[in-house]
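Here is the structure we will look at.
The values are calculated or read from the model by the stated rules, or taken from the named source; none is laboratory data. All values reported here derive from a predicted model rather than from experimental measurement. Counting neighbours? That spans all protein chains shown, and the Cβs are built from the backbone with ideal geometry, glycine included.
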Amino acid sequence: MNRTARSRVPSLLAGVTAALVTPIVLAQGAAYEPASKYNLQPPVTEIASRIYDLNTLILVICGIIFVAVFGAMFYAIYAHRKSVGHQPAQFHENTTVEIVWTVVPFLILILMAWPATKTVIAMKDTSAPDLTIKATGHQWKWGYDYLRGEGDLREVADGISFYSTLATAFEERTNQRAKEADYLLDVDNVLVVPVGKKVRILTTANDVLHAWWVPALGVKQDAIPGFVRDTWFRAEKVGVYRGQCAELCGKEHGFMPIVVEVRSLEDFRAWAAERRKAKTAAVPGTAATPAQAAVAPAATAASGS
Ligand SMILES: [Cu+2]
């Protein structure tokens with residue numbers, strides 16, 4: 001190994017370590033108090049709880065299999081070694097053994113597939129929502145449109161639309177200022193939804209594939225140009241939940257976070273009324289709509305940098 005090659009090894013190792021550690025650090029950066037940095041975020045919807053429990057169940061099953069298989073293997077290697085004169089056992093074409101090692105894995109598979117399938121089916125049930133919102137992925141921001149849709153709240157927020165752009169300061173990204181707790185997970189306009197109501201999210205994209213992912217809400221749905229996909233959640237707790245685009249979408253893929261603010265129904269109604277009033281007020285004059293106002297600072301920042 002020559003000198004250049006040798007000096008490259010540590011930097012290569014550092015690169016690999018950084019690649020492995022970075023996602024963990026990013027996840028940890030969420031101000032939303034994760035109970036553990038090694039586990040999924042605490043769930044705030046029924047679907048997220050089910051996903052959490054599935055993860056635990058399957059991890060436990062895999063753990064038991066791991067210990068049993070390696071335990072048996074190491075015991076056999078040690079106790080039945082050649083030096084103590086052990087003779088190999090003969091069980092070729094043993095029907096009982098063959099049936100057991102076919103049936104047992106099959107049962108384990110059913111044990112895992114049954115609850116997983118039930119959860120996936122529940123995730124896809126977007127029927128009878130109280131509120132419908134379209135989330136459009138753009139390079140590199142999210143656009144939200146509250147649609148008339150169906151359900152009780154169909155008229156409450158109808159017509160509200162805005163862009164949601166990264167609000168983390170450029171100085172934080174370039175290490176000129178200390179990074180805040182919600183580093184790269186903060187936006188100018190948050191998505192506001194009511195607690196305890198079924199919110200249907202329609203996802204689509206304007207340019208390339210994106211994905212709308214908010215772990216605490218148990219939602220991850222691809223946003224595909226030319227197609228409309230949907231997903232749903234019913235948040236059980238008021239709070240702010242953060243997520244990210246989860247489909248590699250270009251150079252600023254890591255800079256288009258999602259922030260969902262779950263409010264009480266009254267607060268949500270008040271917010272919607274205010275947003276709608278601002279919109280109506282903006283129409284006759286020259287004042288920008290909230291959507292245009294959200295785009296303008298982003299455009300200025302982009303041209304300034
Ligand atoms: Cu994206």
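Within segment 153-175, being of a type outside the set (Val, Ile, Thr) and touching a Leu at 6+ places or on another chain (Cβ under 8 Å) holds for Leu153, Arg154, Ala157, Asp158, Ser164, Leu166, Arg173. Are any of the residues in segment 150-164 β-branched (Val, Ile, Thr) and either within 19 Å of Gly239 (Cα to Cα) or touching a residue at least 60 places away in the same chain (Cβ under 8 Å) (or both)? Within segment 150-164 (the criterion being β-branched (Val, Ile, Thr) and either within 19 Å of Gly239 (Cα to Cα) or touching a residue at least 60 places away in the same chain (Cβ under 8 Å) (or both)), the answer is yes, since at least one residue qualifies.
Taking segment 142-245 and the strands (runs of 3 or more DSSP E) fully enclosed by it, the elements with 1 or more residues that are among the β-branched types (Val, Ile, Thr) and either within 16 Å of the ligand (Cβ to nearest atom) or in contact with a helix residue (DSSP H, G or I) (Cβ under 8 Å, 6 or more places away or on another chain) (or both) are at 191-194, 199-205, 210-214, 219-223, 229-233. Please enumerate the residues belonging to segment 253-272 that are loosely packed, with under 15 Cβ neighbours inside 10 Å, part of a helix (DSSP H, G or I) and either β-branched (Val, Ile, Thr) or touching a residue at least 40 places away in the same chain (Cβ under 8 Å) (or both). Correct list: empty. Within segment 232-252, can you find the residues that are crowded, with 22+ Cβ neighbours inside 10 Å and under 23 Å from Gly149 (Cα atoms)? Trp232, Phe233, Ala235, listed by residue number. Quick check, is Ala293 closer than 15 Å to Leu166 by Cα, part of a helix (DSSP H, G or I), at pLDDT below 95 and within 16 Å of the ligand (Cβ to nearest atom)? Considered against the rule, which asks whether it is closer than 15 Å to Leu166 by Cα, part of a helix (DSSP H, G or I), at pLDDT below 95 and within 16 Å of the ligand (Cβ to nearest atom), Ala293 comes out as no. Considered as a group, the residues in segment 45-103 that are among the acidic types (Asp, Glu) and within 43 Å of the chain's Cα centre (by Cα) include one that is farthest from Trp114 (Cα to Cα), and that residue is Glu98.
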